[in-house]
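Just so you know, all these numbers are worked out from the coordinates, no wet-lab data involved. This is a predicted model, so every value here is computed, not measured. Cβ: placed from backbone, ideal geometry, glycine included. Neighbour counts: every protein chain shown.
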Amino acid sequence: MARTALVTGGSRGIGEAISKALKGAGYDVAATYAGNDEKAAAFTEATGIKTYKWNVGDYEDSKAGIEQVEADLGPIDVVVANAGITRDAPFHKMTPDQWQEVIDTNLTGVFNTVHPLWPGMRDRGFGRVIVISSINGQKGQFGQVNYAATKAGDLGIIKSLAQEGAKKGITANAICPGYIATEMVMAVPEKVRESIISQIPVGRLGEPDEIARCVVFLASDDAGFINGSTITANGGQFFV
C-alpha cells in the first residue's frame, strides 16, 4: 500500500515539483494551496494530485484540512511543510502586519501543519517531516528580517523534532534552497537576476526538480539514519 504525503503550498513553484516527484516515487499525494483556485484546478487536472484549500497560519483550519486528507487518502506518513510567503521591506519600514503575516505562515504554519500529524506518526512508528527553509534563513537578507527569522526558526523546529521523534521512527529534516528558477524569481528584472546568478558559483539558478529530488530521498526508507539535518541546495552560494 502506498504511503501518503502531504505537501503544503504544493500546487505551485517548488511545491509543485515536490508534489509531482513524490507521486512519481509512488506516494499518494495531497497538495494544499492558499488562494489560487484556478491554478490549483489546473494542477489537479494535469497531475491527478488532489488539492485542498486551507490557511496554514490557522491551526483549526489546518487540523480540519488534514482530517479531510486522511479521510480521503489514509494516514499521512510524510509531510512537507513548504508553504511560505514574503512581505519584504527594510526593517525601519517594516510594519507589524508585514512581520505577523510572515510569522503566521512560515513559522507558525509549520507548527500548525506538523502538530496535528505528530500523534499518528508516533502511534504508527513511522514519519517523515521535511521543512523547506531557505538560504536566507542561514545567512540573513537585506529587507527580509521577517522572512529570515521564520526560516531560521524552522531549522530550530527540525532539530528539536528530530530528537523527540527519533525513538518513534520519525525523522525531521530541512532543505535550504538557494535561488531557484520559479515564477517568482523569473519575474525579477533581468539585471537583478544576473546579479543574483553572479553570486552563485555554479553559474545558474537551481531548478525546482533539484529540490524535489532532495525531498524524495529524505522521505524514503533509505534516509532513516538522516535526522535533524539541513541540506543546503544553493549551488555553493553559502556554506554553513
The local net charge around GLY169, scoring Lys/Arg +1 and Asp/Glu -1 for residues other than GLY169 whose Cβ lies under 9 Å from its Cβ, equals +4
Rounded to the nearest Å, the spacing of the alpha-carbon centers of region 108-140 and region 57-98 is 11 Å
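In debye to the nearest 20, how big a dipole does region 58-159 give about its Cα centre with +1 on each Lys and Arg Cβ and -1 on each Asp and Glu Cβ? Walk me through the intermediate numbers first.
On the way: 9 positive and 13 negative charges, 123 e Å.
It comes to approximately 580 debye.
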The exposure ranking of LYS168, LYS20, fewest beta-carbon neighbours within 10 Å first, is LYS168, LYS20
Note, PHE111: beta-carbon cut-off 15 Å, +1 each Lys/Arg, -1 each Asp/Glu, net -3
Under 16 Å between C-alpha atoms, the lysine pairs in region 4-233 lying 8 or more places apart or on different chains count 10
Both in Å, the radius of gyration and Dmax of the C-alpha trace of the chain are 17.0, 53
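Treating only the Cβ of Lys, Arg, Asp and Glu as charged (+1, +1, -1, -1), what charge dipole size does region 4-233 show about its Cα centre? Round to the nearest 20 debye. List each step's numbers first, then the result.
Details: 21 positive and 27 negative charges, 128 e Å.
Its charge dipole is roughly 620 debye.
Taking 0.36 nm per residue of separation and subtracting the Cα-Cα distance, what length does fully extending ASP72 through THR95 add? Numbers along the way, then the final one.
Details: separation 23, 0.36 × 23 = 8.28 nm, distance 4.01 nm.
This chain segment gains 4.3 nm when fully extended.
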So, relative contact order of region 1-139 in percent, Cα under 8 Å, 6 or more apart, is 25 percent
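By how many nm would the segment from ILE226 to TYR59 lengthen if fully extended, with 0.36 nm per residue of separation less the alpha-carbon distance?
Numbers: separation 167, 0.36 × 167 = 60.12 nm, distance 2.85 nm.
The ILE226-TYR59 span can extend by a further 57.3 nm.
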Among GLY24, GLY206, ASN36, the residue whose Cα sits farthest towards the positive end of the charge dipole of region 4-233, when +1 is placed on the Cβ of each Lys and Arg and -1 on the Cβ of each Asp and Glu, is GLY206
Placing +1 on each Lys and Arg Cβ and -1 on each Asp and Glu Cβ in the chain, then taking the dipole about the Cα centre, the residue among GLY15, GLN163, THR182 whose Cα reaches farthest towards the positive end is GLN163
Among ASN227, VAL69, VAL110, the residue whose Cα sits farthest towards the positive end of the charge dipole of region 4-233 (+1 at Cβ of Lys and Arg, -1 at Cβ of Asp and Glu, taken about the Cα centre) is ASN227
Applied in sequence order to region 159-168, the curve 6.51 cos²θ - 1.76 cosθ + 1.60 (Karplus, θ = phi - 60°) yields integer Hz couplings, x standing for Gly and Pro, of 5, 6, 4, 4, 6, 6, x, 4, 6, 9
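With a 10 Å Cβ neighbour count serving as the proxy for reagent exposure, in which order, fewest first, do TRP99, TRP54 appear? Show your work: numbers first, answer last.
On the way: TRP99 17, TRP54 22.
Listed from fewest to most nearby Cβ atoms, that is TRP99, TRP54.
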